[in-house]
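Okay, structure first, notes after.
The values are calculated or read from the model by the stated rules, or taken from the named source; none is laboratory data. Small disclaimer: the values here were computed from a predicted structure and weren't measured. A quick note on method: Cβ atoms are made from the backbone with ideal geometry, for glycine too, and the neighbour counts reach across all protein chains shown.
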Amino acid sequence: MINVVVCGALGKMGRIMVDEIAGDPELSLAGAVEAPGHPGLGSKIGGVAVTADLAAAAKLADVVVDFTNPAAAIAAIEAAAAAGKAAISGATGFTAEQLASAKKAGAAIPLIISPNMSAGVNLLFKVVADVARALPDFDVEIVEMHHNKKKDSPSGTAAKLAGVVAEARPGSSVIHGREGILGPRPPAEIAVHALRGGDVVGEHAIVFAGEGERFELGHRAHSRRTFARGALRAIRFIHGKKPGFYTMADVLGLA
């Protein structure tokens, strides 16, 4: 049995994680954490009381799972590291500095940080890299759409897709949206466009546009359970692993 502590347990993803853990015979909910001052502190979810004592909760875990925000994710990783436990974060919106801090905090433990834990999206990352290398002269445009409550823009997944293309094409530059009289599109440009509206869980499209043809790839998430089930796979993968930074590509055997 793998003991799991969920940080952000009363959020949308946290509640789904708790529900998915309850239905998995190999996993047990050992703790549920929320921010200090949260109105749900002391209530129960999945049979455990919600607490703000992250350090104490981490000691009960084999794996600490976080679906919050970058600052809270770093705190969760630090608590897991202090307790010598593995950690997984699905938070999005990390700056480069925050991501570096998170990796530094988790240097002594098994750690996964992923903007998207969907199996399909992580396969998409791999395919996009292959296409970007195979079609070096094609313009690349990335369009993402999410619900109107999403706080960060662009999505972590769109930012990752842009990074995948940029890595495959050294010398590329990433821009976000366009406005005004800009002149011809620079060939090394990777453009990211963010749409917000309704209750869209998550949609990403990558357009490779060449002379006389266009190649498109995309992914649509219909339920947040897609991300939670990816996280369950990550929990099983990381449990018992040696300290190090792992990715969802490792989890899915795509690395």
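Scanning region 104-141 for residues that are modelled with pLDDT of 95 or more and in a strand (DSSP E or B) yields a total of 6.
With out of contact with any Phe, Trp or Tyr (no Cβ under 9 Å at 6 or more places or on another chain) and not assigned by TED's automatic domain parsing to the domain that holds Ala158 as the only criterion, which of His176, His239 stands out? Among His176, His239, only His239 is out of contact with any Phe, Trp or Tyr (no Cβ under 9 Å at 6 or more places or on another chain) and not assigned by TED's automatic domain parsing to the domain that holds Ala158. Taking residues in region 93-110 that are polar (S, T, N, Q), and partners anywhere that are part of a helix (DSSP H, G or I), the pairs with Cβ atoms closer than 8 Å and at least 6 places apart or on different chains are Thr95/Pro70; Gln98/Pro70; Gln98/Ala71; Gln98/Ile74; Ser101/Ile74. Here is the figure for region 201-255: residues that are in a helix (DSSP H, G or I) and among the small types (Gly, Ala, Ser) total 5. Residues in region 203-255 that are small (Gly, Ala, Ser) and touching a Ser or Thr at 6+ places or on another chain (Cβ under 8 Å) were compared, and the one that is surrounded by the most Cβ atoms within 10 Å (Cβ to Cβ) is Ala234. Flag: Lys160 does not match the condition of being basic (Lys, Arg) and either in contact with a His (Cβ under 9 Å, 6 or more places away or on another chain) or over 24 Å from Arg185 (Cα atoms) (or both).
Any chance region 11-19 includes a residue that's surrounded by fewer than 17 Cβ atoms within 10 Å (Cβ to Cβ), out of contact with any Ser or Thr (no Cβ under 6 Å at 6 or more places or on another chain) and at pLDDT 95 or above? Yes.
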